[in-house]
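Colleague: Supplied in structure tokens, the structure appears directly below.
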Amino acid sequence: MHELRRTANLLGATALTVADTALTGAARAAGISPSGAAALVVLSTFPGLGSTGLGRHVGLTQSAAARLIDSLASDGLVRRRKGAGRSVPVTLTAEGARAARALLDARAELLTDLVAVLDPAERAELTRLLGKLLTRLHDRVGDADLMCRMCDRRACTHGAACPVGRAARAAPDTGTG
């Protein structure tokens, strides 16, 4: 039991430090808040989301997402488009697209440097184990969009299936999403 708890504790410390370092560093690189960083990355993958959809992806209420969009728009990173009915799609400006790419590049630089300490066999094993852990996390969280809000989706799916996407497709439809 002690070995299991120690491993879990080491994972927790690693996960928290990696998340804090990656998100803070990426947000700092773009000069915006962590939720603003996530919003730019999400909009680079899913252009045209409104405040409700963006909020769901980033983990914010609709009103908090609307305020975030206002802030990003005033910084020249996003623009609102006319939509059908009450829908107001949001897209990245050219500056917003550059910022989103810079965020992903800063995140990738940190994470690539971290896993570079492992040899190829260890990286392959870590990839397998992370897929297993992400599947378990999806069972708890149940929201692939929220889990992958800061993912470089091109990196994750290049030549392989995303473990979170695979878990989402395998999850029973509860009728709540």
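Colleague: Looking only at residues that are assigned to a helix (DSSP H, G or I) and of a type in the set (Gly, Ala, Ser) in the range 100-139, which one is farthest from ALA30 (Cα to Cα)?
Modeller: ALA121
Colleague: Considering only residues that are under 25 Å from LEU43 (Cα atoms) and among the aliphatic types (A, V, I, L, M), look in the range 124-159 and name the one that is surrounded by the most Cβ atoms within 10 Å (Cβ to Cβ).
Modeller: Looking at the filtered set, the residue picked out is ALA144.
Colleague: Separate question: For the range 12-27, how many residues are more than 12 Å from the chain's Cα centre (by Cα) and in contact (Cβ under 8 Å) with a residue 40 or more places away in the chain?
Modeller: Here the count works out to 4.
Colleague: Let me ask something else. Only residues that are touching a Gly at 6+ places or on another chain (Cβ under 8 Å) and either open to solvent by 20 Å² or more (accessible area, probe 1.4 Å) or modelled with pLDDT of 95 or more (or both): list them for the range 55-65, please.
Modeller: Answer for the range 55-65, where residues must be touching a Gly at 6+ places or on another chain (Cβ under 8 Å) and either open to solvent by 20 Å² or more (accessible area, probe 1.4 Å) or modelled with pLDDT of 95 or more (or both): THR61, GLN62, ALA64.
Colleague: Taking the condition of being open to solvent by less than 60 Å² (accessible area, probe 1.4 Å), of a type outside the set (Ser, Thr, Tyr), assigned to a loop (DSSP other than H, G, I, E, B) and free of Cβ contacts under 8 Å to residues at least 60 places away in the same chain, how many residues in the range 28-54 meet it?
Modeller: 2
Colleague: Any idea how many residues of the range 55-99 are closer than 25 Å to ASP152 by Cβ and in a strand (DSSP E or B)?
Modeller: Adding up the residues that qualify gives 5.
Colleague: Another question about this same structure. Only one of LEU133, LEU114, LEU92 is among the hydrophobic types (A, V, I, L, M, F, W, C) and either at pLDDT below 90 or under 18 Å from PRO163 (Cβ atoms) (or both). Can you tell me which?
Modeller: LEU133
The values are calculated or read from the model by the stated rules, or taken from the named source; none is laboratory data. Because the structure is a prediction, the values reported are computed rather than measured. So basically every Cβ, Gly included, is an ideal-geometry build from the backbone, and we count neighbours across all protein chains shown. Please note that ligands, DNA and RNA were not included when accessible areas were found on the heavy atoms of the full protein model with its side chains. Shrake-Rupley method; radii C 1.70, N 1.55, O 1.52, S 1.80 Å.
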